[in-house]
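The next block holds one structure in the form of structure tokens; read it before the comments.
The values are calculated or read from the model by the stated rules, or taken from the named source; none is laboratory data. Here the structure is a predicted model, which means the values were calculated and not measured. All Cβ positions, even for glycine, are placed from backbone atoms using ideal geometry, and neighbour counts span all protein chains on display.
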Amino acid sequence: MESDDTAVLIGISRYQDPSLPEVPAVLNSLSAMHALLTAPDLCGWSADRVHMLADPTDTTALALELHRLAENTTGTLLLYFVGHGVVTRTGALCLATGGTQLRYPDLTGLEYDKVRNALLDSPAQAKLVILDCCYSGRVIHGLTGAGESQLADTTDIRGVYTLTAADQVAHVPPPEEQETACTSFTGALRDVVRDGIPGAPPVLALSDIYPKLRNTLLARGLPEPNQRGTDTVEAYPFSRNVAYTGGTGFRLLPQEQVDFFLRVLAAQPRHDLTAASIEKLEDWPGVYLLHQGSDDTPEIVYVGKHDRSIAARLAKHLQKIDGRCHIDSRDLSFSCLKLDDDLNLVAPELVVLRQLHAQGHSPLWNLNGFGNHDAGRARDSARLAGSHFDVHHPIDLAWPLRADGPALGLTAREMAAYLRSELPYVFRFDHRGTAIDGIRLAVPEGSLSADRAFCLLAAALGDAWQISALMGQVLMYREQGARYPSAIRYYVGSEVMNAVPDVYEDGHPLQGRR
């Protein structure tokens, strides 16, 4: 049975390996996080949506349970871990369970890559990860075994916010205090949320909480936390702000200035989402709104920003929308506002989203996959929630290709490259090696649809290759019999097979959704 929201709280205080000391404060932290989430005046989670896993010893069973819960969550997925974090010889983070052996963490611990896979496979639209353990910052910085730092893909998952306790050793209170105390990071997080933040909005987003949490920890002489967020998940309304008094504290951006910005943005003219309208824009940074509907009060469906060129971002949106079913770009318009500020500092799109949330509005296309880039091979096997953009607006396989397109005789590689350049959606194929360089196909004169082009290409490649049309993209790999949850059609040799996507909503399968 699927659920809209799921919180998974994992805490390990006792270990079979004597090299890993017991941490009694872990259980206090686990209870504190549960109380925080389920408090009606704070986070307001339903108690039956919060799963507490205390002192598990079977790493495999824990990984399976985590995957099961993640796969069955369509709304918000929150993962919290508190305990020992250990590092493998390659520099990867492992979350220690009760049965973990310090000498063999990769064999006996929960490698963070397994957690990452659970996040990738989950159809949840917002994913929150809070790690209270040593070396948790490695999942953000991508530290290697040689001590070097590089930007890693570990947290680069769409719609995920990651908060970590420490890049190196996390802090716990002295042993004599641990029977009643929380771990230091969780204790500070609890205090910030429980006390509220004066001068902050009535609802605290993660982007509101982090600066206060960081300052609190540093003021106590504790390790500096870290954060990373993708898309606009930083605006996720995490908790009610019990310290909100209408705005009496100091604000870096005074409320009147925020209000003025919102009024100016709302007053900007709307333009039809067309190539001609976009071409009139200069290449400047700013914030923009996408509106749907032709009346005087169209619905805001997406809030976005670009720190270099709004025009370039809108052009990509238009191309994506034109290549989708059940939607017409003629029903869409945009408004925008040029900004000279550092957009990463002021985060104007989060200001707008926060205001809309406060007014009871949630833009349909934020956090539902609309603005996402191709997440790569690891994401191909993920199931999609019923609210996902690709589910409501799958790719158009009838998309017409140019009549003056490819020459009559092409290699399979040339045809694939042509399709990738001409289609308004992602066409990803395995271009390594020379396997498709020697395969030629005949392309008929005149125009043809994307569907017909895939048929021709698959027939030329033979049964060893498979073209898989998913709801959001098309894949071509040297594979046989591969099945993808979001597939709508397969092309293998001369055979074309329709598929029913594995899509869920409110715990029920949406059969035959196209």
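Figures for the structure shown
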item	result
Some residue of the range 324-331 being more than 22 Å from VAL426 (Cα to Cα) and touching a residue at least 24 places away in the same chain (Cβ under 8 Å)	yes
Every residue from the range 402-426 that is modelled with pLDDT of 90 or more and in a loop (DSSP other than H, G, I, E, B)	LEU423, PRO424, TYR425
When residues of the range 73-91 are limited to those that are touching a Phe, Trp or Tyr at 6+ places or on another chain (Cβ under 8 Å) and at pLDDT below 90, the one nearest to THR162 (Cα to Cα)	THR76
Scope the range 104-114; condition closer than 21 Å to LEU30 by Cβ and either of a type in the set (Asp, Glu) or surrounded by 22 or more Cβ atoms within 10 Å (Cβ to Cβ) (or both); matching residues	GLY109, LEU110, TYR112
Any chance VAL82 is outside the structural domain of PRO485 (by TED's automatic domain parsing) and over 20 Å from the mean Cα position of the chain (by Cα)	yes
Every residue from the range 292-310 that is crowded, with 20+ Cβ neighbours inside 10 Å and either free of Cβ contacts under 8 Å to residues at least 60 places away in the same chain or of a type in the set (Phe, Trp, Tyr) (or both)	TYR302, LYS305, HIS306, ILE310
Leading residue by the ranking (modelled with the lowest pLDDT) among those in the range 216-272 that are basic (Lys, Arg) and out of contact with any helix residue (DSSP H, G or I) (no Cβ under 6 Å at 6 or more places or on another chain)	ARG251
